[in-house]
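The structure appears below as structure tokens.
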Amino acid sequence: MRITPTQHPAAARHALACLLFLAASWIFYAPPRHWPGLTYFGDGQDSLAFIWFLNWWPFALAHHLPPLFTQYVDYPAGADLAWKTSIPALALLAAPFTLRFGAAAVFNVLMIAAPALAAFALYLAAWELTGVFAAALLAGAVFACSGYEIGQTLGHLNLAFTAAVPLTLWSCLRATSRNWSSWQLGAVQGGLFLFQFGVSQEIFASEILFGAAALLALHWLAPLPRPVLARLLAGILLGLGLCLLLASPFIWAMLRGYTAARANFSTPDVYSNDLLAPFIPTPLVFLGGHAARPLSQLFTGNSSEQGGYYGLPLVLLAVHIWRVSPAPAARVLAFMALLAAVASLGPYAHLLGHPICPAPWIIFCHLPFLAAMLPGRFALYAWLSLTLLLALWLARPDSGQRRYLLAGLCLLSLLPAQSTARNWRHPVPPPVFATLPPGAHVLVIPVFAQEMGWQYAAGMRFMLVGQGYLGNGMPAPFSSWPLYPALWQNRFSAIPQAEFSAYLQDYAVQDIVLLPRGYAYYRGKPADDAALTRAAATLLQQAGWRVATATPLGVVYQPGAHLPRWSQAQIAAFIAQGISQQRAAVLPYEAHRVCQIRHLAHVLGLSPVPLLDLWALHAHPPFPPAAITCPFSPA
């Protein structure tokens with residue numbers, strides 16, 4: 001398209017803004033001079049999982065493997081990747097660079113670029129809304145330093161790469177101002193929706209949810225002319241339909257795997273924002289983060305998920321803007337910021353980590369598919385609304401230097417701490433993995449939750465038996481064994497030798513890699529490395545395994561000549577014992593819920609059967625409600 005003279009200044013400013021954001025992000029996060037091996041930005045297991053996924057898609061396609069299912073982790077059962085954070089959009093677009101430079105280097109570039117591209121996308125939306133370069137640029141900078149973006153940059157590539165969200169809003173603003181047809185808007189929206197779906201299905205779903213709320217707020221607080229609103233709605237629906245059509249194979253895989261995936265959904269009331277989170281900085285923040293640590297560490301979840309810190313300057317400024325601004329757009333943005341902030345409290349409002357009362361999200365948190373969303377991440381939409389509200393205020397004709405100073409103060413209060421910006425890791429993969437035969441079925445002990453990173457570094461040389469960090473919880477069917485919690489937690493002295501031998505036989509383990517001191521730790525906490533290694537070696541010897549390869553940096557064990565053979569009946573008995581133990585552990589909780597429902601039905605004079613059937617449909621309890629007897633009523 002030929003750029004006219006009137007368009008050229010705007011295009012030049014956009015290019016300048018993009019370069020400024022990218023340069024600032026590159027300088028601010030200070031990548032090391034060299035990126036050898038598995039050097040990566042962010043925290044351990046999450047970053048390594050995304051490196052693995054960036055490598056998995058081109059690897060699977062090159063080897064004619066199904067991309068949404070893998071046996072390279074959790075072998076031999078394998079893992080369904082439809083409900084995992086497999087980032088197909090980023091992995092496929094970056095595949096040529098992954099093949100050339102490696103997945104770790106591509107991951108680092110994407111992580112550094114994520115806040116810059118998010119800032120630039122927000123800048124474009126703010127520019128379309130205001131037409132003022134300085135206001136849009138400052139709004140983009142605040143968005144890049146938001147508590148949400150900085151927290152997710154610790155290792156969640158799928159959640160940090162949010163550029164498509166403000167670009168979706170930009171396309172709506174652009175369509176309104178330039179009179180795009182519904183088909184034009186639908187094509188752009190469809191591409192953005194599809195890309196966002198391929199980066200994070202969770203953000204895609206929450207974007208649809210909050211987008212619908214924004215349209216209702218727009219109709220209520222700032223009504224558009226009916227032809228404009230009709231064209232806008234038609235374009236959005238066309239784009240959504242196009243996205244769902246193109247993503248239908250992936251969506252069908254998610255629908256088929258929903259029941260199994262639900263067991264590993266994170267708890268929404270843990271990953272939600274505290275009532276005091278907007279005012280108390282976390283350790284990720286430069287100003288006050290360290291001093292406020294005694295308070296912020298009481299919040300639920302972890303630092304990467306505490307995106308609800310907006311800073312006192314920005315909160316006070318937003319309240320002021322809402323009070324003094326007569327623009328309908330400002331009312332809509334203020335309403336959306338408040339709505340997202342309240343929703344991010346989760347099902348229960350917490351005060352310094354203590355639940356004090358139900359919150360509005362409790363109505364939705366157990367509904368199908370909405371249960372997969374972590375409410376703390378809704379802070380993304382509060383930040384989107386707050387930064388656009390800031391841009392509107394800065395762009396007013398009577399705007400003076402004082403306003404930009406106040407906005408600069410908001411930005412200063414959000415800058416990340418040095419430890420956050422220099423969050424680089426330089427692990428050395430254990431060289432013992434290079435001695436394994438190709439295609440080996442391997443168990444790595446102690447369990448590190450970094451096995452997938454080592455598997456990638458070894459060129460996908462081996463399969464991981466019952467291991468591989470892909471999300472929450474212990475994987476099935478391995479978790480059915482009584483020994484698995486102890487194996488998961490590296491409590492080798494608590495594992496019965498006979499059961500361990502049967503477990504290794506049942507899942508056809510060929511090689512066991514025992515890593516020495518320096519690599520061993522207990523679920524991320526310091527431990528007695530030497531004692532842990534001795535306990536693991538003793539268990540292997542008692543189970544009949546012998547040393548095949550010994551190096552200072554790892555020992556490979558293989559089956560001995562006189563291993564006991566276990567019948568299928570004996571193996572089934574071990575598994576039945578594990579299932580029985582699991583059911584006994586959850587029985588008090590399930591009985592409490594069932595009796596609550598029956599008591600409620602009794603008080604209301606209703607039959608408890610439909611209520612219990614509905615609860616069982618969504619909660620998938622291990623015990624049928626009819627098997628539980630309550631003291632006040634018959635089963």
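The values are calculated or read from the model by the stated rules, or taken from the named source; none is laboratory data. Please read these numbers as outputs of a predicted model, since none were measured by experiment. Using ideal geometry, Cβ is built from the backbone for each residue, glycine included, and neighbour counts are taken over all protein chains shown.
Give, as residue ranges, the helices (runs of 4 or more DSSP H) completely inside the range 35-104 that count at least 1 residues that are farther than 26 Å from Gly191 by Cα and among the basic types (Lys, Arg).
Counting at least 1 such residues, we get 95-101.
Considering every residue within the range 446-462, establish whether at least one is under 23 Å from the mean Cα position of the chain (by Cα), of a type in the set (Phe, Trp, Tyr) and farther than 30 Å from Phe500 by Cβ.
no
If you scan the range 2-34, which residues turn out to be at negative phi, out of contact with any His (no Cβ under 9 Å at 6 or more places or on another chain) and at pLDDT below 85?
Within the range 2-34, Arg2, Ile3, Thr4, Pro5, Thr6, Gln7, His8, Pro9, Ala10, Pro31, Arg33, His34 meet the criteria.
Being crowded, with 22+ Cβ neighbours inside 10 Å, assigned by TED's automatic domain parsing to the domain that holds Pro249 and not hydrophobic (A, V, I, L, M, F, W, C) is the requirement here; does Gln184 meet it?
In short, no.
Being part of a helix (DSSP H, G or I) and not hydrophobic (A, V, I, L, M, F, W, C) is the filter; apply it to the range 222-238 and report the residue that is surrounded by the most Cβ atoms within 10 Å (Cβ to Cβ).
This residue is Gly235.
Tell me, yes or no, whether the range 380-392 has at least one residue that is outside any helix (DSSP H, G or I) and not hydrophobic (A, V, I, L, M, F, W, C).
The answer is no; no qualifying residue exists.
Here are Ala417, Ala382, Ala407: which of them is surrounded by fewer than 21 Cβ atoms within 10 Å (Cβ to Cβ), assigned by TED's automatic domain parsing to the domain that holds Val332 and touching a residue at least 24 places away in the same chain (Cβ under 8 Å)?
It is Ala417.
For the condition on the phi < 0 side of the Ramachandran plot and not hydrophobic (A, V, I, L, M, F, W, C), what is the one hit in Gly459, Gly408?
Criteria check complete, one pass: Gly408.
Within the range 170-181, track down each residue that is at pLDDT below 95 and either of a type outside the set (Gly, Ala, Ser) or not assigned by TED's automatic domain parsing to the domain that holds Ile87 (or both).
Hits for the range 170-181 are Cys172, Leu173, Arg174, Thr176, Arg178, Asn179, Trp180.
Just give me the residues in the range 264-285 being hydrophobic (A, V, I, L, M, F, W, C) and touching a strand residue (DSSP E or B) at 6+ places or on another chain (Cβ under 7 Å), in sequence order.
Leu275, Leu276, Leu284, Val285
Go through (1) part of a helix (DSSP H, G or I); (2) within 24 Å of Ala382 (Cβ to Cβ); (3) in contact (Cβ under 8 Å) with a residue 60 or more places away in the chain one by one and return the number of the condition Thr162 breaks.
With respect to (1) part of a helix (DSSP H, G or I); (2) within 24 Å of Ala382 (Cβ to Cβ); (3) in contact (Cβ under 8 Å) with a residue 60 or more places away in the chain, Thr162 is out only on (1).
Here is a list of conditions, (1) at pLDDT 85 or above; (2) outside any loop (DSSP other than H, G, I, E, B); (3) farther than 18 Å from Gln558 by Cα; (4) out of contact with any Pro (no Cβ under 6 Å at 6 or more places or on another chain), and Val442 meets all of them except one; can you say which number that is?
(3)
Quick one: how many residues across the range 100-130 are acidic (Asp, Glu) and either outside the structural domain of Leu22 (by TED's automatic domain parsing) or within 16 Å of Phe161 (Cα to Cα) (or both)?
Result for the range 100-130: 0.
For every residue, the table says whether it meets (1) hydroxyl-bearing (Ser, Thr, Tyr); (2) in contact with a Gly (Cβ under 6 Å, 6 or more places away or on another chain).
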{"site": "Leu298", "(1), (2)": "no, yes"}
{"site": "Asn302", "(1), (2)": "no, no"}
{"site": "Glu305", "(1), (2)": "no, yes"}
{"site": "Gly311", "(1), (2)": "no, no"}
{"site": "His320", "(1), (2)": "no, no"}
{"site": "Ser325", "(1), (2)": "yes, no"}
{"site": "Arg331", "(1), (2)": "no, no"}
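Just checking, which of Ala116, Ala126, Ala104, Ala94 is buried (at least 23 other Cβ atoms within 10 Å of the Cβ), aliphatic (A, V, I, L, M) and farther than 30 Å from Leu314 by Cβ?
Ala104
Consider only pairs whose beta carbons are under 9 Å apart and that are at least six residues apart or on different chains; among these, list those whose first residue lies in the range 316-344 and is within 17 Å of Ala277 (Cα to Cα) and touching a residue at least 60 places away in the same chain (Cβ under 8 Å) and whose second residue is among the basic types (Lys, Arg) and in a helix (DSSP H, G or I).
If the second residue must be among the basic types (Lys, Arg) and in a helix (DSSP H, G or I), the pairs left are Ser344/Arg377.
Residue-by-condition table, conditions (1) in the same structural domain as Ala89 (by TED's automatic domain parsing); (2) hydroxyl-bearing (Ser, Thr, Tyr); (3) in contact (Cβ under 8 Å) with a residue 60 or more places away in the chain:
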{"site": "His219", "(1), (2), (3)": "yes, no, no"}
{"site": "Met254", "(1), (2), (3)": "yes, no, yes"}
{"site": "Arg262", "(1), (2), (3)": "yes, no, yes"}
{"site": "Asp269", "(1), (2), (3)": "yes, no, yes"}
{"site": "Ser272", "(1), (2), (3)": "yes, yes, yes"}
{"site": "Ala291", "(1), (2), (3)": "yes, no, no"}
